[in-house]
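Enquirer: Before I ask anything, let me first share the structure, which is written out below as structure tokens.
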Amino acid sequence: MKHHMTRRDFGLGAAATGALLTGTGLGRSARAATKPIKIGSLLPRSGYEALIGQGCQRSVDLAKKMLPEMGYAIEVVDADTESKPEVARTQAEKLIREGVEILVGAFDSGQTFAIAQVAEQNGIPFVINIGSDPAITEQGYKFVFRNFPTSVMLGEHGLARFNDLFKATSTTPKTAVLMIVNDTFGQTMLKGINMLMPKANLPFHIVETISYDPQAKDLSIEVAKAKAAKADIHMAVTRLNDAILMVREMVKQKYEPMGIISPGSPGMYQTQFMKVLGKYADYAITNIPWLDPKQSFAHTFEAAWNKAYPDDICTLDAGFTFEGFLIIGDAYKRAGSTKPQALVEALKATNIKDRIMIGGPITFDAKGQNVNLPSGVLQILKGKPTVVLPAENAEAKPVFPVPSWSARS
């Protein structure tokens, strides 16, 4: 029987944790951290990534309520990156001038990279909730910590799940076409896919790669090219708006591969994708880190989300965004200080076992990267993102090949 923790459970857990820390000598620091830590939260709440940024913001708002109830003293100052790296930079600088003590954000890799540079230059800790460019944690930064897989990790784990899917469904596709956004994220994903494909031992090969602007208003030409390739599967690395355009065109042009599979990207698991496309969103597959149906705190968080936002699906954006704030609250509670170096040392010692997402404990390596972030196979079933693999985390069995557009009810 699954146990759904109540807010009272949160309070009891916080009290128990405090007692334990006191017994180990760490309680004095935890008790000293009564003044809230001032967190600067940066997200693309306007611009072409606004829908995603606003979804992440809902999780921020939930963190503002839940974390104090869990015993973490936080204060959040929100900022809008406007989906632009240059604005992300200026907003980060502005937040630091206004006295924030740690930064968190920013979903988009380009914007996140700009913030990381500002944080490092100013000696302010920065926790990345979402942002996959590998270069961010390859700069030797001392103040940057990322609880999200790099695009190489996404590609490696995502491609590995293809074989798991084919084995589970007794299928063997021979060819694929790849449609991919040409922004920073897409370029790093493409580099990773090209590097990893020869080593992945997959039964198919990519017959054509089609790149496009994620801000495109029309993908009819690109989808026509994909259809003409006559590949068995349609691989896609998308954002949200373009994912909707892509599927609409696939339906319109009666382009029906065995299935649409992303090796790891946003778009096809988000609320608007399902709301706008309805039955045509069903069966889309994304190999991506996701909320772990087997973790008690994942159920707690999802229940709180569903109560606060009954019309919005709780996605990885929400989970990783909340975990970003959880990491900060946990580090500050252990550090008992807002001094940058004290926070950095506490972040280095992070070890959060009861988390939201699939994977091992939240820890950081010497580069500030959490490497305990495997991908699951997520499929839209009956309008809901559903974990179908690996079997130990699954809520249902995968459907592949998928029904034709006309056969969907």
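Enquirer: So, restricting to strands (runs of 3 or more DSSP E) that lie completely within the range 176-268, which ones have at least 1 residues that are surrounded by fewer than 18 Cβ atoms within 10 Å (Cβ to Cβ)?
Expert: Ranges flagged: 205-212.
Enquirer: Continuing with this model, one more query. Out of the residues in the range 87-106 that are within 22 Å of the chain's Cα centre (by Cα) and surrounded by fewer than 21 Cβ atoms within 10 Å (Cβ to Cβ), which is nearest to Q270 (Cα to Cα)?
Expert: Out of the qualifying residues, it is V87.
Enquirer: Could you please let me know if T386 is surrounded by 16 or more Cβ atoms within 10 Å (Cβ to Cβ), without any contact (Cβ under 8 Å) to a residue 24 or more places away in the chain and either assigned by TED's automatic domain parsing to the domain that holds F273 or within 30 Å of I261 (Cβ to Cβ) (or both)?
Expert: It is true that T386 is surrounded by 16 or more Cβ atoms within 10 Å (Cβ to Cβ), without any contact (Cβ under 8 Å) to a residue 24 or more places away in the chain and either assigned by TED's automatic domain parsing to the domain that holds F273 or within 30 Å of I261 (Cβ to Cβ) (or both).
Enquirer: Return yes or no: is F364 among the aromatic types (F, W, Y), touching a helix residue (DSSP H, G or I) at 6+ places or on another chain (Cβ under 9 Å), at pLDDT 95 or above and within 28 Å of M70 (Cα to Cα)?
Expert: yes
Enquirer: Hey, another quick one. What single numbered condition from (1) assigned to a loop (DSSP other than H, G, I, E, B); (2) in the same structural domain as V223 (by TED's automatic domain parsing); (3) under 19 Å from E49 (Cα atoms); (4) of a type in the set (S, T, Y) fails to hold for T171?
Expert: For T171, the failing item is (3).
Enquirer: Determine which member of the set I327, I313, I380 is more than 21 Å from I261 (Cβ to Cβ) and either touching a helix residue (DSSP H, G or I) at 6+ places or on another chain (Cβ under 6 Å) or crowded, with 18+ Cβ neighbours inside 10 Å (or both).
Expert: Values: I313 fails: more than 21 Å from I261 (Cβ to Cβ); I380 fails: more than 21 Å from I261 (Cβ to Cβ).
Selected residue: I327, the only one of I327, I313, I380 that is more than 21 Å from I261 (Cβ to Cβ) and either touching a helix residue (DSSP H, G or I) at 6+ places or on another chain (Cβ under 6 Å) or crowded, with 18+ Cβ neighbours inside 10 Å (or both).
Enquirer: Same structure, new question: Limited to the range 255-276, what total is found for residues that are in contact (Cβ under 8 Å) with a residue 40 or more places away in the chain and among the charged types (D, E, K, R)?
Expert: Total meeting the criteria: 1.
Enquirer: Just one of E392, E345 is free of Cβ contacts under 8 Å to residues at least 60 places away in the same chain, more than 14 Å from N287 (Cα to Cα) and in a helix (DSSP H, G or I); which is it? Steps first, please.
Expert: Working: E392 fails: free of Cβ contacts under 8 Å to residues at least 60 places away in the same chain.
Going through E392, E345 in turn, the sole match is E345.
Enquirer: Let me ask you something else. Looking at the structure I just gave you, is T286 hydroxyl-bearing (S, T, Y), surrounded by 17 or more Cβ atoms within 10 Å (Cβ to Cβ) and assigned to a strand (DSSP E or B)?
Expert: So T286 fits the description; yes.
Enquirer: Any idea which of (1) at pLDDT below 90; (2) crowded, with 23+ Cβ neighbours inside 10 Å; (3) of a type in the set (D, E, K, R) is the one R161 doesn't satisfy?
Expert: (1)
Enquirer: Right, something else. Considering only residues of the range 131-158 that are of a type in the set (G, A, S) and surrounded by fewer than 20 Cβ atoms within 10 Å (Cβ to Cβ), which is nearest to the chain's Cα centre (by Cα)?
Expert: Going through the qualifying residues, I end up with A135.
Enquirer: For residues that are under 18 Å from G319 (Cα atoms) and of a type in the set (A, V, I, L, M), tally how many sit in the range 108-131.
Expert: So the count comes out to 3.
Enquirer: Which residues, taken from the range 339-370, are closer than 18 Å to I136 by Cβ and of a type in the set (G, A, S)?
Expert: If the condition is that a residue be closer than 18 Å to I136 by Cβ and of a type in the set (G, A, S), then A366, G368 are the ones that fit.
Enquirer: What are the pairs with Cβ atoms under 6 angstrom where one residue, in the range 194-208, is under 14 Å from A160 (Cβ atoms) and the other, located anywhere, is modelled with pLDDT under 90? Sequence gap at least six, or different chains.
Expert: Close Cβ pairs (under 6 Å, with a partner that is modelled with pLDDT under 90) amount to L196/G155; L196/E156.
The values are calculated or read from the model by the stated rules, or taken from the named source; none is laboratory data. Computed from a prediction, not measured in an experiment: that's the story for all the values here. Cβ: placed from backbone, ideal geometry, glycine included. Neighbour counts: every protein chain shown.
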